[in-house]
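Read-outs throughout are calculated quantities, based only on the coordinates presented, and are distinct from any laboratory measurement. Being a predicted model, the structure only gives us computed values, none of them experimental. Don't worry about glycine lacking a Cβ; one is built from the backbone with ideal geometry, like all the others, and counts go over all protein chains shown.
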Amino acid sequence: MKTALTYTVNSGDSISNLAMALSGAAGVTVEEVTAANPDINPNALQIGSVLSIPSQGERLNYTVLHGDTLSGICAGLAECTNMTAAAIETSNPAVSPNAIFPGQQLKIPQTHGAAAPMPVTDAEYRGYWAWTYSQSAVPANATMSMAFSGWADVQTALQDSAPKLAHLVGTKFLCVGGGNQSGAFTSANLTALTAAIQAGECVGYEGIAYDVEEGYSGLESLFTASFATAKSKGFKVLVTVSHSAPYGITDSAALMKSFFADANIDFLSPQLYTSGKETSNDYSTSHGVSWSDYAACKAKIVPSLVNASMYDAAKDYFAGQGVSIRGFVQWAQS
């Protein structure tokens, strides 16, 4: 492997944390590094000075070496997408991975952004879920991305998603909601979300993604109002549900009928997985809502898949249900 850059070990570093930090810093810009280090002269780096590098993963402190420039450091980091501990260990065969020490220098290999390329398909929309609590692998040719924190509380979702925002690709969505108690929708948090959209608090995003899996019943009118508010503020609207309908909402069949008929929803993304580790699409249904019911949907249907490679199979399956799908959203992070 070619070397992307040379990293000087700091106190508290480990190979695994370093790999996460390097992956999280891939794509960082000179401007971002300069802003994170206001005391440095970006045009005259001092050898031995330590730069704080913005990263979506672990903390990354880079020690300046002879000949380093900010543009060169950022170019090296750009080659570190999907960095793994194994790759670093392979590039440093004389280093004991469990006994690295401060001041030790490690060769960091180029990964060339080695995300598995999406298969060539006719998918018009190619999205991915960007977990806020993990390093994301951006699929090639992505057209939209969702900062996913799992929170239905909009302020927490905004806070947790902020470090991801600058790294999202394509149309950038803030995702609110999720498949557990923290992501469950209530009248209070749904009303707060609508108010935040109305107040202009979702700055930097171009879309709002509603992850509707758990929550109270009787929220149909509040969802309708929230979608309308988002559209009135210029946002795209995506709704994702667990399988064919939200599993944790008792009136989800009625809720899905309203989703199908709502012209303010741009994308509807049923999740074709349960664990997120499936090797083939899971076409299970929920609450009596069939896949053929999706034929009446006004929104573009872009199923959430574990991996983009499952798109063609999903397209064929839905065609058999009389439903045309326009793309997908990938769940897997690598």
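Structure notes:
- Remark: the stretch 140-261 carries a charge dipole of roughly 380 debye about the Cα centre, counting +1 on each Lys and Arg Cβ and -1 on each Asp and Glu Cβ.
- Shape analysis of the stretch 1-47 places it in the prolate category; the axes a ≥ b ≥ c from the Cα gyration tensor give an a/c of at least 1.5, with a/b above b/c.
- Rounded, prolate or oblate (a/c below 1.5 giving rounded, otherwise prolate when a/b exceeds b/c) for the stretch 8-118 by Cα gyration tensor: oblate
- Note on the chain: helix-only mean residue ellipticity at 222 nm, from DSSP H runs of 4+ residues weighted -39500 (n - 2.57) and normalised by residue number, equals -8000 deg cm²/dmol.
- Euclidean distance between Cα centres, the stretch 181-243 to the stretch 37-116, Å: 39
- Modelled label reach - Ala295, point 7 Å along Cα→Cβ, the stretch 305-324 residues with backbone N closer than 17 Å: 315-324
- Springs between Cα atoms under 10 Å define the GNM used for the chain, and in it the highest mean-square fluctuation of Gln56, Gln198, Gln110 occurs at Gln198.
- In a fully extended conformation the segment linking Ala94 and Ser187 would gain 27.6 nm over its present Cα-Cα distance, using 0.36 nm per residue.
- Note on the chain: GNM, Cα springs under 10 Å; of Leu22, Leu255, Leu65, the largest mean-square fluctuation is that of Leu65.
- Based on Cα contacts under 8 Å between residues 6+ apart, the chain shows a relative contact order of 13 percent.
- Overall, the stretch 276-322 carries a charge dipole of about 180 debye about its Cα centre when +1 sits on the Cβ of Lys and Arg and -1 on the Cβ of Asp and Glu, all other atoms neutral.
- Charges were assigned to the Cβ only: +1 to each Lys and Arg, -1 to each Asp and Glu. The resulting dipole of the chain about its Cα centre is roughly 360 debye.
- Taken over the Cα atoms of the stretch 62-215, the convex hull encloses 168 Å³ per residue.
- Taking the stretch 54-115 and dividing mean pair separation by its residue count, relative contact order in percent (alpha carbons under 8 Å, at least six apart): 42
- Counted by Cβ distance under 14 Å from Pro54, the other residues give a net charge of -1, where Lys and Arg count +1 and Asp and Glu count -1.
- Of all DSSP beta bridges confined to the chain, the antiparallel ones make up roughly 20%.
- For the chain, a Gaussian network of Cα nodes joined below 10 Å ranks Gly322, Gly27, Gly207 by mean-square fluctuation, and the top entry is Gly322.
- For the Cα trace of the stretch 233-304, dividing Rg by the Kirkwood Rh returns an Rg/Rh value of 0.97.
- Counted charge near Phe148, where neighbours are those whose Cβ lies closer than 11 Å (Asp, Glu -1; Lys, Arg +1): -1
- Within the shell defined by Cβ-Cβ distances under 14 Å, the residues around Asp211 carry a net charge of -4, with Lys and Arg each +1 and Asp and Glu each -1.
- Note on the chain: dipole from Cβ charges, positive end direction compared against Ser16, Ala26, Ser49; the farthest Cα belongs to Ala26.
- Given charges at Cβ of Lys, Arg, Asp, Glu: the chain dipole, positive-most of Ser182, Ser292, Gln110: Gln110
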